[in-house]
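Only one structure is covered here, and it is reproduced in the block below.
Each value in this text was obtained by applying a stated rule to the coordinates, not by laboratory testing. None of these values were measured; they are calculated from a predicted model. Cβ atoms come from the backbone with ideal geometry, glycine included; neighbour counts cover every protein chain shown.
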Amino acid sequence: MNREDFPMLKQNLIYLDNGATSFKPKEVIAKINEYYMTYSANAHRGDYDISYKVDQEYENTRDLVKEFINAKSKEEIIFTSGTTEGLNLIATGFFERNIEPGDEIIITKSEHASNVLPWFRIAKNQKAIIKYVELNEDHQVTLENLQKIITPKTKIIALAQITNVIGDVRPIKEICSLAHQNNIFVVVDGAQSIPHMKVDVQDLDCDFLCFSAHKMCGPTGIGVLYGKKELLEAIEPINLGGGMNESFDNEQEVFLKALPSRLEAGTPNIAGVIGLGAAISYLNKIGMEKIEQYEKELREYLISKLEKISYIDIINLHSKAGIVAFNVDNIFSQDVAYYLNRYNICVRAGNHCAKILKNETGVKNTCRISLYFYNTKEEIDKLVELLSDKEKIIAEMF
Amino acid sequence: MDQEIKREIIMENYLHPYNKATINDEEYIKVNSNNESCIDNIDLQILIKSGRISDIKFNGEACAISTASTSIMIKELMGKTIKEALDFINNFEAMVNEEEYDDTNLNEALVFDDIFKQKNRKTCATLPYRGIKKALMEYEKK
């Protein structure tokens, strides 16, 4: 749906790599363009009209984000460069100082590198312990398995709401409830969920949540860190500089500003923030429930077709999100991706930054299809038609 | 070379790669070669005796082009002196990079003489060459 809004779709392309990044609608591009063309000033300098407008637009996005994820207050919305920066800020700025030797951090083997490596570093520096939740036969997290590995030493549970290869939707609300009964913090990687479903952080009761604009029709290089206010206040800013300090003197006495400014040092990515605002307005206009429902139907359609091809092995048959990871028997995933590229179909081959997932699935590399609301059943038909002829794949894979 | 023949050679080397194995022998020099932008990842093991390459084995996961290119490369480099091997490698790289090259001694490796037409597969064809070149140059320095 809404295909006419996307200039990229005017090319003869079938784009099925939305888990990597999404296309941008005209409205978002126009809004960014408008900033650079008509009020391209810095933020936080309201002395003249165009700068005042920058502040208004910049803070308007913060309001939009707050509403979009239903945060309690706008101080809980921090702009970052993306999910990766957000997760690193939480790990280094908050947990590095709040974790003791022997404390446990729970993750899974299906997490993206960005939700693994920051925890590895903390574990190494603070002598904490990484534990992996055992996944079920569909490579999914269950509350039972999570409960089993929680101990009095468990301090953090860090999980993607939707993982980028398996595409399972984790029961974050129930996980938060279980965690909080045991005084455990929950960090949510929302990179793959926020673009595709309605998320309410107060309802989930998660402690932190991060996401990126570029996977939800917005620009690259901008994202959001949400945190409960009292937790964000306890974060040690990693970056110090302009815009985040209240005052300092030559005796080195420094006073920092209140949230959210204290965690946004330096000239921010203004065009990015404004573009993110436009992306949220755009998604709101369509409606997140509608997007979720449409993608669910599309996934079911895709699965029903792929399942019929005997030599295709679907790794995540029972997942709910619009992500399908598969392999063609005896053909290297990258060769399948190259083959599809001949027909202008974009899918991704590889480990998709989930490098320890292979220990779980036994499969190192896969082809991944990741859908968005602008994909269609006709596109899926074309894809399936091309995958339905193994001789053709072999004949045209190089 | 005729496109059909090229295809057959690539397919044959992909499906039945030469010396795809790992050997547990300290005498072999080990080198890993991988492509940053994709998932090809191969390990090479090289045995040099009296200044000549007496054996090369490889293992790993790679696409059809990388696998076939590795298989062909190993066949061509066996028995060569280090200098002969480096000359062969440089000549092959020149061909892939659309530079001047000598087509008289590349043999089966000529199947990749038009791989430059698929920019994203150039790195696949040159993957094993980059790894072995590094290993041979380091060996020479010692």
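In this entry, the range B:3-141 is assigned a mean projected area of 8.1 nm², taken as a quarter of its C-alpha convex hull surface. Within 10 Å of the Cβ of each residue in A:329-337, the mean number of Cβ atoms contributed by other protein chains is 5.
Here the Karplus relation 6.51 cos²θ - 1.76 cosθ + 1.60, evaluated at θ = phi - 60°, turns the backbone of the range A:157-163 into coupling constants of 10, 10, 9, 6, 5, 10, 7 Hz, with x for every Gly and Pro.
I'd like the orientation of helix A:377-387 relative to chain A: the angle between its Cα long axis and the longest Cα principal axis, in ° from 0 to 90, rounded to 10. Taking the Cα atoms of chain A, the angle to A:377-387 is about 60 degrees.
Cβ crowding within 10 Å ranks B:Asp40, A:Asp389 as A:Asp389, B:Asp40, fewest other Cβ atoms first. For the range A:287-396, a Kirkwood hydrodynamic radius built from all Cα pairs, placed in the Stokes-Einstein relation at 4 °C and 1.567 mPa s, yields a translational diffusion coefficient of 90 µm²/s. Using only the C-alpha atoms, the convex hull of the range A:275-348 corresponds to 125 Å³ per residue. Among A:Ile166, A:Ile356, A:Ile50, the residue with the largest mean-square fluctuation in a Gaussian network model of chain A, with springs joining Cα atoms closer than 10 Å, is A:Ile50. Backbone phi angles across the range A:78-85, fed through the Karplus curve with coefficients 6.51, -1.76 and 1.60 (θ = phi - 60°), yield HN-Hα couplings of 10, 7, 10, 7, x, 4, 4, 5 Hz in residue order; Gly and Pro are listed as x. Going by neighbour counts of Cβ atoms within 10 Å, the residues B:Lys83, A:Lys24 line up, fewest first, as B:Lys83, A:Lys24.
Using the Cα coordinates of chain A, the gyration tensor eigenvalues translate into equivalent-ellipsoid semi-axes of 36, 28, 17 Å, sorted from longest to shortest.
Distances between placed amide hydrogens fall under 5 Å for A:Ile345 paired with A:Ile14, all partners being 5 or more residues away or on another chain. Considering only Cα atoms, the convex hull volume of the range A:1-144 works out to 198 Å³ per residue.
Between the amide H of A:Met197 and any residue lying 5 or more places away or on another chain, no distance stays under 5 Å, with hydrogens modeled in the peptide plane. Whole-Hz Karplus values for the range A:321-328 come out as 6, x, 10, 10, 9, 8, 9, 9 Hz, taken residue by residue from phi with 6.51 cos²θ - 1.76 cosθ + 1.60 and θ = phi - 60°; glycine and proline positions read x.
Shielding value for B:60-71 is 3, the average number of Cβ atoms from other chains within 10 Å of each residue's Cβ.
When the protein assembly as shown is described by a simple charge dipole with +1 on each Lys and Arg Cβ and -1 on each Asp and Glu Cβ, the residue from A:Cys176, B:Phe92, A:Leu13 located farthest towards its positive end is A:Cys176. How far is helix A:49-69 tilted, in degrees, relative to the longest principal axis of the Cα atoms in chain A, given as a value from 0 to 90 rounded to the nearest 10? In chain A, helix A:49-69 runs at an angle near 60 degrees to the longest axis. Charge tally for A:Cys217 (other residues, Cβ to Cβ under 12 Å; Lys, Arg +1; Asp, Glu -1): +3. With Cα atoms defining each centre, the range A:4-55 and the range A:222-254 are spaced 27 Å apart in the structure. The range A:91-120 and the range B:1-43 have Cα centres lying 38 Å from one another. By other beta-carbon atoms within 10 Å, ranking A:Ser212, A:Ser247 with the fewest at the front produces A:Ser247, A:Ser212.
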